[in-house]
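I have placed the structure first, in the form of C-alpha cells, so that the comments after it can refer back to it.
The values are calculated or read from the model by the stated rules, or taken from the named source; none is laboratory data. Since the structure is predicted, the reported quantities are computational estimates derived from the model, not experimental observations. No Cβ is skipped: glycine too gets one built from the backbone with ideal geometry, and neighbour counts run over all protein chains shown.
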Amino acid sequence: MESVVNVVKGKQLYEGKAKIIYATDKPDLYIQYFKDDATAFNAQKKGTIGQKGICNNKISTCFFELLQTKGIDTHFVKMLSEREMLVKRLDIVQVEVTIRNIVAGGMAKLLGLEEGIELKEPVLEYHYKHDGLGDPLINEYHIKALDLATDEEMHYIRERSFEINNILKNFLVDRALILVDFKLEFGRDAKKKIVLGDEISPDTCRFWDRETRKKLDKDRFRRDLGGIEDAYQEVLMRITGKK
C-alpha cells in the first residue's frame, strides 16, 4: 500500500468540520483534504485559522510516520500536497478515545478540578462519536450493548492508545512541548484490522510550552486568546523543524 505513487482524485464523499474526504481510482484509498475552517463547542463557534490546514497536514504526517516506525498501524499512506494526505479507507469505529495526562478542558469542567493538575497516571476516556449529542462520555458497557466494537477490538484500541501516548510524550520532550491531552479515532481497514485514523494535530491535541505552559493549540481559538495562527506555526516548526 505504501508503495502506491499515483492516484486519481475522484468525487467528494464527505465534508466535516475540519476535513474533506475524496474518493480515488483505488477503492481502498481516499484523499483527506485539510481545511482552514475552525469550530469549537460542538460547532457553536465557527471561524477560520489561516494556514491551519497546511499545518495540520504536515504535523499529522510527521506523527503518523513516527508512529509507523514504532509499529503502530495507521491509515496514513503519504502526503500528496500541502493540504492533501493519501489514506486508507476505514470503517470508523464510533468510539473516540481521549487520553489525558494533565487536567484541562472537559475533565476540569466535569470534575470541578483546577486546570493544570498533573495526573498520577494517564486517564483514558471513551466518547460516543455523535456530533448531534456532543460526543458524550460512554464506558465499555455502552460500547458492548450498542455493538460499537468487539471486546478484542476495544482491548487493542485501549493498548495502542496508551502506547501512542508514551511515544508522543517522549518525542515531544526534546521539542519543549507538553502533551496535555489528545483525541484518537480508530477504524477497520479493508482486512477488518483496527488501525489509527483521522489526524494528530493542534486541532485534536492540547500542546503547552514546557517552560511557560503557554497554550499552543485550538484552545487559543476556543478561548479567544489570540495568536492562534502563530501557535499552529510554532508547533509545526518545533515538530518538523520547518515553517
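Taken over the stretch 73-86, residues that are of a type in the set (Val, Ile, Thr) and within 14 Å of the chain's Cα centre (by Cα) amount to 1. Could you look through the stretch 18-60, keep only residues that are in contact with a helix residue (DSSP H, G or I) (Cβ under 9 Å, 6 or more places away or on another chain) and assigned to a helix (DSSP H, G or I), and pick out the one that is surrounded by the fewest Cβ atoms within 10 Å (Cβ to Cβ)? Selected residue: 54.
Could you list, in sequence order, all residues of the stretch 58-67 that are without any contact (Cβ under 8 Å) to a residue 60 or more places away in the chain and touching a strand residue (DSSP E or B) at 6+ places or on another chain (Cβ under 6 Å)?
Correct list: 61 only.
Annotation note: of 231, 190, the sole residue that is closer than 30 Å to residue 86 by Cβ, surrounded by 13 or more Cβ atoms within 10 Å (Cβ to Cβ) and outside the structural domain of residue 99 (by TED's automatic domain parsing) is 231. Within the stretch 118-133, the set of residues being surrounded by 13 or more Cβ atoms within 10 Å (Cβ to Cβ) and part of a loop (DSSP other than H, G, I, E, B) comprises 129 only.
Could you tell me which residue of the stretch 7-17 is surrounded by the most Cβ atoms within 10 Å (Cβ to Cβ), considering only residues that are of a type in the set (Lys, Arg) and part of a strand (DSSP E or B)? Top of the filtered list is 9. Looking only at the stretch 62-92, residues that are outside any strand (DSSP E or B), under 30 Å from residue 143 (Cα atoms) and of a type outside the set (D, E, K, R) come to 9 in all.
May I ask you to verify whether residue 95 is touching a His at 6+ places or on another chain (Cβ under 9 Å), surrounded by 13 or more Cβ atoms within 10 Å (Cβ to Cβ) and either small (Gly, Ala, Ser) or at pLDDT 95 or above (or both)? Answer is yes for this residue.
Out of 149, 108, which single residue is in the same structural domain as residue 177 (by TED's automatic domain parsing), surrounded by 19 or more Cβ atoms within 10 Å (Cβ to Cβ), of a type in the set (A, V, I, L, M, F, W, C) and not in a strand (DSSP E or B)? Matching residue, one of 149, 108: 149. Taking the conditions exactly as written (farther than 19 Å from residue 93 by Cβ, touching a residue at least 60 places away in the same chain (Cβ under 8 Å), in contact with a strand residue (DSSP E or B) (Cβ under 7 Å, 6 or more places away or on another chain) and not assigned by TED's automatic domain parsing to the domain that holds residue 34), does residue 207 satisfy them or not? No.
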